[in-house]
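Visitor: Below you'll find the structure I mean.
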Amino acid sequence: MLKIQRKTNGGVIFTLSGRIEATDLDELRRLLELEGDGSHIALDLRDVTLVDRDAIRYLADCEADGTQLANCPPYVRKWIGQESGPRPKKQHPRTAKPRKREQRNELE
C-alpha cells in the first residue's frame, strides 16, 4: 500500500512510503497534475519499500519531465537507468550472422 504526503517548502514535495505498484500510478498522476505546469515538484522516495516495473517506468518519465526524485534508493536508481537507457535492437536470428554463402561472396 502506498502512502502519499504533500508538503510545501518553496516547491512541492510528495513523500511516498510503502509499495508503489501499477494500481497506485493513476492517483499519483492525478496529484501531480493538480500542481500544474511550472511547479517545482519532488518525489521523496526515502520510505519506499518496493516498486514494480510500471512504477519504475513512471518514475523515469517523471524525472525526464523535470520532477526531482529525492532520496531515491540505489536499487530504484539502477533500475530506472536500465529502463530509460538505450535498448539494443533485437536482430532476427537469420540476420544475426552472415551465412556461409554470404561470407564467401564478401571475400571474393
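Derivation of every value follows stated rules applied to the coordinates shown; laboratory data play no part. Owing to the predicted nature of the structure, the values given are computational and were not obtained by experimental measurement. Methodologically, a virtual Cβ is constructed for each residue, glycine included, from the backbone with ideal geometry; neighbour enumeration extends over all protein chains shown.
Visitor: How much net charge surrounds Leu50 when only other residues with a Cβ under 10 Å from its Cβ are counted (Lys, Arg +1; Asp, Glu -1)?
Guide: -1
Visitor: Still on this structure, I have one more. Regarding segment 2-87, what are the three Cα extents along the principal axes, ordered largest first, in Å?
Guide: Largest to smallest, the principal-axis extents are 35, 25, 22 Å.
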